[in-house]
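Note sheet for the following structure.
The values are calculated or read from the model by the stated rules, or taken from the named source; none is laboratory data. As the structure is a computational prediction, the values presented were derived from the model and not from experiment. Cβ sites come from the backbone with ideal geometry, for glycine too, and all protein chains shown count toward neighbours. Surface accessibility is based on the protein's heavy atoms, side chains included, excluding ligands, DNA and RNA. Shrake-Rupley method; radii C 1.70, N 1.55, O 1.52, S 1.80 Å.
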Amino acid sequence: MPYQHQRMRRLRQNPILRDMVADHVLRPEDFILPVFVRSGEDIRHPILSMPGHFQYSPDVLLEELSEWAAMGLRGVLLFGVVDAAEKDAVGSHAHDPDNAVCTTLRMVKRAGLKLLLITDLCYCEYTDHGHCGPLIRPTRGRRKGGRSPKVSADAGFEGVDNDATIELLAQQAVVHCEAGADVVAPSGMMDHAVRSIRSGLDGAEFTDRAIMGYSVKYASAYYGPFRDAAQSPPQFGDRRGYQMDFRRVSDEALREAELDIAEGADMVMVKPGMPYLDVLARVSTAVPVPCAVYQVSGEYAMFKAASQAGWIDEKAAVMESMHAFKRAGANLIISYYSVDVLNWINRS
Ligand code: PBG
Ligand code: ZN
């Protein structure tokens, strides 16, 4: 067809036609809300760097969850917040069936809420050093395999003990499933975590529970507000020894996703979201399983700050970001804006 007959604006002029030819439509089922829960009662503690988000005690969270479920929320991702007194070098409190996460899981199941319960599986919220698993023993005479070191000091920080951590993760997964988790999501970027968790769950007859791998997770400055929210900043060092380096090509992301799938991940995730749309597009195209994206705390904080200053239209900008995720191939979107998006979808 000669170029002079081609007018791209024809499909844009009529709003009905625009809706008709829209390729991506957001559904309530696309969204998962991360929530922070801490032990106690009647607690609703604001998270300053994430306006509109709170640390809740299980009783208050249950009320909120039933309200959000009535508004169409289908899934949540639970994070435990732990006071310093409960923390130790190996994160023992993560395995306590009476911790805030497990208590919430049981309460939600008992209340019969129709919500998919996903739990974050990690140790950084539970260790006194704030790393995602027990540390490698810094002393010279470390035994082969270096198991369960009880070290909290920063002297000679050598990183997280991968193989000790993945054994613990399998136990934590079982504790969560016993309390009612439908899906577990290991976020620590430990090698072979998925394999260890899958065999732990299967051994405990939780063959029906799914694993969502935080397969492609970069060491990112965009996690800043989360570390306030979850009281989990590393006390020394950083997470670059286990999380991915954003200077590398996205082939590394494909390998991470493929390995997790080979080890039994039912779903994979790319994290953060907007700064990594290129990675999301590649991974979601390549994998044969559903692919989630995590719009992280720093992304949320930027939208909030700019809109509170009156510099950006919050709803328009956030909805644009959600469509960008769909366009890049995300099947699921984990976002602190999930409840707002549901309201915006319902009202349009
Ligand atoms: C813990 C964890 C983090 C996030 C999710 N799980 C923090 C981190 O890795 O430092 C970040 C989520 C967010 O920023 O919203 N492993
Ligand atoms: Zn962690």
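Can you tally the lysine pairs in region 23-347 where the Cα-Cα distance is under 23 Å and the two residues are eight or more apart, or on different chains?
9
Report, to the nearest whole %, how much of the accessible area of the chain belongs to carbon and sulfur atoms, 1.4 Å probe, protein only.
The nonpolar share, carbon plus sulfur, comes to 51 percent.
List the residues, sorted by chain then number, that are 5 or more residues from Tyr242 or on another chain and whose placed amide H is less than 5 Å from its amide H.
So Tyr242 has HN proximity to no qualifying residue.
Nothing charged except the Cβ atoms of Lys and Arg (+1) and of Asp and Glu (-1): what's the magnitude of the dipole of region 23-347 about its Cα centre? Round to the nearest 20 debye.
520 debye
Lys/Arg Cβ at +1, Asp/Glu Cβ at -1, dipole of region 23-347 taken about the Cα centre: which of Ser232, Val25, Gln55 is farthest positive-ward?
My answer, from the dipole projection, is Ser232.
If each of Gln171 and Asp251 carries a label point 7 Å out from its Cα toward its Cβ, how far apart are those two points in nm?
So the two model labels end up 4.0 nm from each other.
For Gln55, list long-range residues whose amide hydrogen, built 1.01 Å from N in the peptide plane, is under 5 Å from its own amide hydrogen.
His45, Ile47
With a 1.4 Å probe and all protein chains left in place, how much accessible area per residue does the chain have, in Å²?
With all protein chains present, the chain gives 47 Å² per residue.
Once the dipole of the chain is set up with Lys and Arg at +1 and Asp and Glu at -1 on Cβ about the Cα centre, which of Asn343, Ala69, Ser92 lies farthest towards its positive end?
Result: Asn343.
Go through 251-258, 291-298, 163-170, 105-112 and give me the packing order, highest mean Cβ count within 10 Å leading.
Ranked from most to least packed, the peptides come out as 291-298, 163-170, 251-258, 105-112.
Under a point-charge model restricted to the Cβ atoms of Lys and Arg (+1) and Asp and Glu (-1), what is the dipole moment magnitude of region 9-120 relative to its Cα centre, in debye to the nearest 20?
Approximately 860 debye in magnitude.
Test of understanding: extend the Cα→C-beta vector of Arg327 to 7 Å, then name every residue of region 250-280 with backbone N under 20 Å from that spot.
270-280
List the chymotrypsin sites (Phe, Trp or Tyr not before Pro) in region 28-93 that DSSP assigns to loop (not H, G, I, E or B) and whose Cβ has at most 11 other Cβ atoms within 10 Å. Which are they?
Within region 28-93, no chymotrypsin sites (Phe, Trp or Tyr not before Pro) qualify (loop, at most 11 other Cβ atoms within 10 Å).
Step through the residues of region 288-301 one at a time and calculate ³J(HN,Hα) from phi using the Karplus curve (6.51 cos²θ - 1.76 cosθ + 1.60, θ = phi - 60°), rounding each to whole Hz and writing x for Gly and Pro.
Ordered by residue, 3J(HN,Hα) equals x, 10, x, 10, 9, 10, 10, 7, 8, 4, x, 5, 4, 4 Hz.
Go through 120-126, 334-340, 234-240, 70-76 and give me the packing order, highest mean Cβ count within 10 Å leading.
Descending packing order for the listed peptides: 120-126, 334-340, 70-76, 234-240.
Rounded to whole Å and ordered largest first, report the semi-axes of the equivalent ellipsoid of region 23-347 derived from its Cα gyration tensor (root of 5λ).
29, 23, 20
Got a sec? What order do Lys114, Lys87 fall in by accessible area at 1.4 Å, biggest, i.e. largest, first? Walk me through the numbers on the way to the answer.
Numbers: Lys114 160, Lys87 40 Å².
In descending accessible area the options line up as Lys114, Lys87.
Distance between the C-alpha centers of region 298-348 and region 232-278? Whole Å please.
Using only Cα atoms, the two centres lie 22 Å from each other.
In sequence order, what are the phi-derived ³J(HN,Hα) couplings for region 321-330 according to the Karplus relation 6.51 cos²θ - 1.76 cosθ + 1.60 with θ = phi - 60°, rounded to whole Hz, with x for glycine and proline?
Result, ordered by residue: 5, 5, 5, 4, 5, 5, 4, 7, x, 5 Hz.
Pop out the ³J(HN,Hα) list for region 64-75 in order, Karplus 6.51 cos²θ - 1.76 cosθ + 1.60 with θ = phi - 60°, rounded to Hz; leave Gly and Pro as x.
Going residue by residue, I get 4, 4, 5, 5, 5, 4, 5, 7, x, 5, 10, x Hz, with x marking Gly and Pro.
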